[in-house]
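Read the structure below first, then the notes.
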Amino acid sequence: MKKILVTISLIAFVFSIGLGQTNKRTSAYMYNKNKQYDKAKEAIDEAILHPKTENDAKTWMYRGIIYYNIAMSEDEQVKALAPDAPEISYESLLKSKQLDDKKQLDVETSIYLIQLTNLFY
């Protein structure tokens, strides 16, 4: 009985670790949607460092969008979260396009890349 309990606990623990980073990505998306850019930035920066989500196109696209919104904010406190937000957004969106083998996110990333040109020129 003890072995079964330990095994079930171990499986649950491993499963929760695996979901943890996709949950970070989802949390980042929701924080961004609610204009809580500080929390969105924190969550997405954690998600891109995790082996399960570091090579996921959607993770990088969300990072690009979050940093884009930080760069475009009129609130100086938000802009102060990432003074180099336009560059990070650009690099993240490009990485998303590179990782998106099936081109499912191509239109959305392209739109943000085009909009970013207004910040650079």
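The values are calculated or read from the model by the stated rules, or taken from the named source; none is laboratory data. What you are looking at is a predicted structure, and each value in this text was computed from that prediction instead of being measured. Glycine also receives a Cβ, built like all others from the backbone with ideal geometry; neighbour counts cover every protein chain displayed.
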Mind checking which residues of region 75-104 are part of a loop (DSSP other than H, G, I, E, B) and under 17 Å from the mean Cα position of the chain (by Cα)? Leu81, Ala82, Asp84, Asp100, Gln104
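Return the total of residues in region 51-74 being closer than 15 Å to Asn23 by Cα and in a helix (DSSP H, G or I).
Within region 51-74, the subset closer than 15 Å to Asn23 by Cα is 51-54, 56, 58-60, 62-63.
When the remaining residues are screened for being in a helix (DSSP H, G or I), the result is 58-60, 62-63.
The total comes to 5.
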Those residues of region 28-58 which are modelled with pLDDT under 95 and surrounded by 13 or more Cβ atoms within 10 Å (Cβ to Cβ) amount to His50, Lys52, Thr53, Glu54
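Restricting to region 59-96, and then to whatever is among the basic types (Lys, Arg) and crowded, with 18+ Cβ neighbours inside 10 Å, can you tell me which residue is farthest from Lys39 (Cα to Cα)? So that I can check it myself, show each step before the final result.
First, the residues of region 59-96 that are among the basic types (Lys, Arg): 63, 79, 95.
When the remaining residues are screened for being crowded, with 18+ Cβ neighbours inside 10 Å, the result is 63, 95.
Numbers: Arg63: 12, Lys95: 22 Å.
Among those that are among the basic types (Lys, Arg) and crowded, with 18+ Cβ neighbours inside 10 Å, it is Lys95.
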So is Thr109 under 21 Å from Thr26 (Cα atoms), of a type outside the set (A, V, I, L, M), buried (at least 19 other Cβ atoms within 10 Å of the Cβ) and modelled with pLDDT of 95 or more or not? yes
